[in-house]
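Undergrad: Starting off with a structure, shown below.
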């Protein structure tokens, strides 16, 4: 009989009949910890694939496949944005608490339609170089001791990159 960590009970000198009820009652806890996937690091290419989605449904399918937990809905932001911009917003997001990273995709329909995606990271210094590999040379770039910024104007899409301290992000939106 083996415990959660692969430790065999016979090394503890325990009788299987006496420990079986305890083992069975704790099996759910063991399985739950084993079946909960650890969040995988999302590459810049994967984030861009989600961001290039044409709908929230498409982004949801692509984003869920990446393995990050879904974010809870922020109803305060959503209702405020909808009232101010006279639109209806559909939003989906994922967050990795361990790395303090997030990927959010939303589509607004109505008077001021928009499609926006944001990918934010902490402690990842190569986001700009990864974006250059995926998108080519930026149309505008400013690197200094305080911050880094870059901008790409692509067909029908704009991408803004910013890094301040250890936090970096990009926003992809329709023009």
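Undergrad: In nm, what is the difference between 0.36 nm times the number of residues separating residue 166 and residue 140 and their Cα-Cα distance?
TA: 7.2 nm
Undergrad: Also: Taking other Cβ within 10 Å of each residue's Cβ, how do 131, 103, 66 sort, fewest first?
TA: Details: 131 22, 103 25, 66 18.
The fewest-first ordering by Cβ neighbours comes to 66, 131, 103.
Undergrad: Something else about it: Taking 0.36 nm per residue of sequence separation and subtracting the Cα-Cα distance, how much length would be gained by fully extending the chain between residue 147 and residue 98, in nm to one decimal?
TA: Net length gain for the segment: 15.2 nm.
Undergrad: Between residue 80 and residue 112, what length comes free when the chain is fully extended (0.36 nm per residue of separation minus the Cα-Cα distance, one decimal in nm)?
TA: Details: separation 32, 0.36 × 32 = 11.52 nm, distance 1.42 nm.
So the chain would gain 10.1 nm between residue 80 and residue 112.
Undergrad: I would also like to ask the following. What is the calculated FRET efficiency for residue 126 to residue 70, with r their C-beta to C-beta distance and R₀ = 30 Å, to the nearest 0.05?
TA: The pair residue 126/residue 70 has a calculated efficiency of 0.70.
We did not get these values from a lab; they are worked out from the coordinates using the rules stated. Because the structure is predicted, anything quoted here is derived from the model rather than measured. Glycine also receives a Cβ, built like all others from the backbone with ideal geometry; neighbour counts cover every protein chain displayed.
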